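To keep things clear, I will list the structure first and then write my remarks on it.
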Amino acid sequence: MAVRPILEYTHPVLRRKAQRVDAVTGEIRRLIKEMRETMKAASGVGLAAPQVGESLQILVYETEEARGCLLNPVIEEMHGDQTDVEGCLSIPGLQGEVTRALRIRVKGMDERGKPVTKEAEGYLARVLQHEIDHLNGILFIDRARPETLHRIPPRRTEPAPSGSRLAKSGSR
């Protein structure tokens, strides 16, 4: 399988509503596998098909509590509020506070094409809402409180020089 490039926020496909998936074909299964590999390679917890250039309603996710794939997901119920900092693989180096539902119920299809209903709360609910937004052409910066948006330093990919503070503290 291949790791796909992740499109950045200026790409027009990220601002369009993705198309429904009618059937799970071999091509769709391959795309799902590639999306999972891409998400893992980028150290992400969720990825939507438009982020890899496919305008299809497919998302994958993997958190400590759950791993899965949803096709044509629709949020049926939302309860409570939670505000936390979010970032996005399509907007590298930027974070901001977003308020989302604390608990949700999502209806869609699994990767075998079977109807599924998923209930999620807390962090998993946030991840699913973020990815479903991607399927509807919405980016986290559209929902973030503008005064909270801030740049974050890029991750270090090589070891810090041996005499540096970073090498001693183990920070990245």
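The values are calculated or read from the model by the stated rules, or taken from the named source; none is laboratory data. Treat the numbers as computed from the prediction; the structure is a model and nothing was measured. In this analysis, Cβ positions are derived from the backbone assuming ideal geometry, glycine residues included, and neighbour counts consider all displayed protein chains.
Among the residues of region 75-93, count how many are in contact with a helix residue (DSSP H, G or I) (Cβ under 7 Å, 6 or more places away or on another chain), surrounded by 15 or more Cβ atoms within 10 Å (Cβ to Cβ) and within 12 Å of F140 (Cα to Cα).
Number of matching residues: 5.
Check off (1) free of Cβ contacts under 8 Å to residues at least 60 places away in the same chain; (2) touching a Lys or Arg at 6+ places or on another chain (Cβ under 9 Å); (3) surrounded by 16 or more Cβ atoms within 10 Å (Cβ to Cβ) for E119 and give me the number that stays unchecked.
(3)
Would you pick out the residues in region 71-84 that are assigned to a loop (DSSP other than H, G, I, E, B) and either touching an Asp or Glu at 6+ places or on another chain (Cβ under 9 Å) or in contact (Cβ under 8 Å) with a residue 24 or more places away in the chain (or both)?
Selection gives G80 alone.
Here is a list: G113, G96, G87, G68. Which entry is small (G, A, S), touching a residue at least 40 places away in the same chain (Cβ under 8 Å) and outside any strand (DSSP E or B)?
Matching residue, one of G113, G96, G87, G68: G113.
Look at H11 and say whether it is loosely packed, with under 15 Cβ neighbours inside 10 Å and in contact with an Asp or Glu (Cβ under 9 Å, 6 or more places away or on another chain). Full working, then the answer.
On the way: loosely packed, with under 15 Cβ neighbours inside 10 Å: yes; in contact with an Asp or Glu (Cβ under 9 Å, 6 or more places away or on another chain): no.
So H11 does not fit the description; no.
For the subset of region 99-116 comprising residues that are β-branched (V, I, T) and within 27 Å of E34 (Cβ to Cβ), which member is surrounded by the most Cβ atoms within 10 Å (Cβ to Cβ)?
Taking region 99-116 as the starting set, the residues that turn out to be β-branched (V, I, T) are 99, 104, 106, 116.
In the following step, the residues that additionally are within 27 Å of E34 (Cβ to Cβ) were identified as 104, 106, 116.
Details: I104: 23, V106: 21, V116: 17.
Only one residue tops the list, namely I104.
So, of the residues in region 133-172 that are in a helix (DSSP H, G or I), at pLDDT below 50 and of a type in the set (A, V, I, L, M, F, W, C), which turns out to be nearest to Q51 (Cα to Cα)? Steps first, answer last, please.
We begin by selecting, within region 133-172, every residue in a helix (DSSP H, G or I); these are 133-135, 140-143, 146-148, 165-169.
Next cut, at pLDDT below 50 only: 165-169.
Among the residues that remain, those that are also of a type in the set (A, V, I, L, M, F, W, C) are: 166-167.
On the way: L166: 32, A167: 34 Å.
Going through the qualifying residues, I end up with L166.
Within region 38-60, can one find any residue that is within 19 Å of E121 (Cα to Cα) and in contact with a Lys or Arg (Cβ under 7 Å, 6 or more places away or on another chain)?
yes
With the requirement that a residue be touching a residue at least 40 places away in the same chain (Cβ under 8 Å) and over 18 Å from S90 (Cβ atoms), what does region 1-27 give you?
R20, V21, A23, V24
Looking at region 20-32, is at least one residue under 16 Å from H134 (Cβ atoms), among the aliphatic types (A, V, I, L, M) and in contact with a Phe, Trp or Tyr (Cβ under 7 Å, 6 or more places away or on another chain)?
no
D133 versus (1) in contact (Cβ under 8 Å) with a residue 12 or more places away in the chain; (2) surrounded by 18 or more Cβ atoms within 10 Å (Cβ to Cβ); (3) not basic (K, R): which is the lone unmet condition?
Condition not satisfied by D133: (1).
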